[in-house]
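Participant: Encoded as structure tokens, here's the structure I'll be asking about.
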Amino acid sequence: MEDCIFCKIVKGEAPAEKVYEDENFIGFLDVNQVTDGKTLIVPKKHYKTLLDMPSSLGNEMLEAIKKVGLDLIDKGKAEGFNVLINNFEVAGQVVPHAHIHILPRKKEDGLKRMYLEDAKK
Ligand code: AMP
Ligand code: ZN
């Protein structure tokens with residue numbers, strides 16, 4: 001996908017602060033550091049949403065999530081973390097290349113608990 005910013009990052013054609021890489025995924029810092037260390041995990045191949053990703057990537061994706069989350073905790077950037085995937089524009093997806101948000105959390109970070117019922121208030 002020529003115009004896809006995440007494809008460009010994967011190919012090294014756009015800048016990103018890479019924090020993780022394995023065979024099929026990379027992890028890099030989100031430009032919007034909602035909390036310090038916020039990371040996006042992105043499949044190297046262009047899939048629009050989670051629905052397009054082959055289930056055979058599931059184990060590797062879970063490993064990537066666990067490694068990035070644990071690394072944030074080990075480095076003292078998080079006491080816990082949220083994992084989020086927005087699928088389709090209506091659900092908040094802005095970049096049309098599937099990606100997983102890893103949001104580091106600390107007790108005093110000022111963010112609300114991310115329960116769905118809070119989203120209506
Ligand atoms: P979503 O709303 O789920 O599509 O999330 C897109 C995320 O990508 C947002 O958190 C953006 O801050 C982030 N983002 C967009 N462009 C870049 C970029 N060039 N490098 C790093 N993060 C980006
Ligand atoms: Zn792409």
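Participant: So is Lys18 within 12 Å of ligand 2 (Cβ to nearest atom) and either basic (Lys, Arg) or touching a helix residue (DSSP H, G or I) at 6+ places or on another chain (Cβ under 6 Å) (or both) or not?
Facilitator: no
Participant: Here's another thing I want to ask about it. Of the residues in the range 34-53, how many are within 9 Å of ligand 1 (Cβ to nearest atom) and farther than 12 Å from Val10 by Cβ?
Facilitator: Adding up the residues that qualify gives 2.
Participant: So if I check each of Leu111, Leu57, Leu29, which one is within 12 Å of the chain's Cα centre (by Cα) and aliphatic (A, V, I, L, M)? Steps first, answer last, please.
Facilitator: Numbers: Leu111 fails: within 12 Å of the chain's Cα centre (by Cα); Leu57 fails: within 12 Å of the chain's Cα centre (by Cα).
None of the others qualify; the one that does is Leu29.
Participant: Among Ile85, Ile41, Ile73, which is in contact with a Phe, Trp or Tyr (Cβ under 6 Å, 6 or more places away or on another chain) and not small (Gly, Ala, Ser)? First the steps, then the outcome.
Facilitator: Details: Ile85 fails: in contact with a Phe, Trp or Tyr (Cβ under 6 Å, 6 or more places away or on another chain); Ile73 fails: in contact with a Phe, Trp or Tyr (Cβ under 6 Å, 6 or more places away or on another chain).
It is Ile41.
No lab work stands behind these numbers, since they all come straight from the coordinates. Only a predicted model underlies this, so the values are computations on that prediction, with no experimental measurement involved. Cβ sites come from the backbone with ideal geometry, for glycine too, and all protein chains shown count toward neighbours.
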